[in-house]
Amino acid sequence: MKDLKEFSKYIKKKDTRKSNINKIVWEYTRVSTANQTDNYSLENQEDSIAKLASECGYIIDRIYGQSDESAASDDRKEFNRFLFDLRRAKVKPYAILVWTMSRFSRTGGGGVSLANEIVNKLGVHIIEVSSRIDTTTEDGKIQLFAKLIDARKETITKLTTTIPGMIKFVKSGKYLGVAPLGYDHFGRKVKDHKKWHYEQKIVLNDTGKKLKLAWGWKVQGYKDYEIKAKLKLLGVDIRLQKLSAMWRKPFYCGVQINSFVGEEAVMGTWEPMISIETYEKVGQILSGGRQGYQIKKNFPERPLIGTLLCSCCGKKLCGYEVKKKKKHYYKCQQCKGVSINASTSLKFKKKVGAHELFIDHLNEYQINPRYLGAFTRQLEKNIESTNKTSKVEEAKLRVQLKALEDRKQYLRRMVAMGELEPDMLEFIPEIESGIKSLNEKLLVPDINLSNLKNVVYKAVDFTQEASKYWASYSLKGKRDIQELVFPEGLMIDTKNRQYLTSKVNALFAAKAEFIRVVEGQKNKIPVKNDEDSCVVAGAGFEPTAFGL
């Protein structure tokens, strides 16, 4: 028999040097709570990782984590930063060093998916320092991925034992969480060691005594921005959003509401800042029931509420009525002197009211009738082109959908046949989430091209007559038009009595551009296109407002 040794020269030799080229590694550490002092503490994790790196000759290039973030969810600030940098890095590290896989993730299937992406897609290994197991072999991958599932099981087991204790803790009047602004929180699980105490104590502090005054001012009828200013003079600088949230916290009257005890309210063991009666009075003010009258938000005389924005601060204008004059106005609660009449008074020859100026502003989007045909034909062509593109995108989405559905069926079939472990079914919710997302995208209706001319005609006709429709519609109809044309509101300069640049519906933006180009009105109706607006909106107005 002929000697076959001469064929050995055709066998491709493995490059044994490759594994020694990249010694760069990244480190990820994490603890669940700031005061964790067991074997999972940040110092112990970092020391062990540094020791392994020294022994193996690894160079720790980047360090992530070093914070207290629960791994019950993979939506962690520092963890997301680590993933973002890893996916974006042109030169990937050789491996990620973690103390244990439970430090990496405790979400089970979600953690396995992320680990699989790092190892198999990005080509970066994971090394568990505590066990010295890594993903360089298939056996190592299986062991580490299994540990992620075990970490999830451990979390669920802990919950079944700790939740009953937490329910008992809340029902005893103790507060679960960090005490809000105005209180000092003493207990066993606190970041500040000076506030450590063998049992929970929540005490009203100096800031709380000043906030107590704020509740009194609120009952007296002061506005939030006025209360904020008064508190600032006392040395308490609080944001309006936080102040608004404070009025709605039963904690301040000594009552605890917690999902652990369902709809049951529990009296707390801490000192209340205010009485329950004061809390209820403020609640009545917030709901519009103060002093026997209700705050009406739906005045037909002020339809632009919710649409008009202050040109100074960007906040929405509110409305009010001077009853002696029976006149309505729009004003900014924050900026001094920002106010405008709702309607122009008969004594004025010039249009100065917000409503008349709004009608004029809508009229600026009217195209000269002799150019209307050209604009309509161009719009039809644009829609036809867009529809062709959407058909291609739809085909791609359906391919992706079919792949996910096949993957889901494959997992179930293989588990049923005993080819895969039952734990692999934890991937099913993630796959179903992807299927749901794709189905939602496919729900976007196609444009019926056979009826395109009729649709475009009605759409353009509506935009031409938008000001007339607005003037004749009821309050709801007016607000529907406002939201459609100006989805993010319309900024008004009350001093100069004019509307400023705002994001506008795509069709109105197209008309504005057409007017500038064809009619040569370069400085007319400056707008920003609302890229999210659909070309065809369907029913919603009388007559039907297609094409918006």
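Count neighbours as other Cβ atoms within 10 Å of each site's Cβ, and list the chymotrypsin sites (Phe, Trp or Tyr not before Pro) in segment 163-231 that are DSSP loop with at most 10 such neighbours.
Hits after loop and neighbour filter: TYR198.
Tell me which residues come under 5 Å, amide H to amide H, from PHE299 once H is placed; ignore anything under 5 positions away on its chain.
When sequence neighbours closer than 5 places are left aside, there are no close amide H contacts.
My understanding is that a pair violates if its Cα-Cα distance is over 26 Å; which of LYS218/LYS331; LYS324/LYS351; LYS218/LYS316; LYS77/LYS194 do that in this structure?
LYS77/LYS194
Convert each backbone phi in segment 430-439 into a coupling constant with the Karplus relation 6.51 cos²θ - 1.76 cosθ + 1.60 (shift: θ = phi - 60°), then list the ³J(HN,Hα) values in order as whole Hz, x for Gly and Pro.
These are the phi-based 3J(HN,Hα) values: 5, 5, 5, 5, x, 5, 4, 4, 5, 5 Hz.
Give me the percent relative contact order of segment 193-292, please, defined on Cα pairs under 8 angstrom at least 6 residues apart. Walk me through the intermediate numbers first.
On the way: 86 pairs, mean separation 27.4, N = 100.
Here the relative contact order equals 27 percent.
Show me the trypsin sites (Lys or Arg not before Pro) within segment 418-518 that DSSP assigns to loop and that have at most 15 other Cβ atoms within 10 Å of their Cβ.
Here the trypsin sites (Lys or Arg not before Pro) that fit, given the DSSP loop and packing criteria, are LYS495.
Every read-out reported here was derived from the displayed coordinates using simple, explicitly stated rules and does not represent laboratory data. All values reported here derive from a predicted model rather than from experimental measurement. Here Cβ is always computed from backbone atoms with ideal geometry, including for glycine, and neighbour counts include all displayed protein chains.
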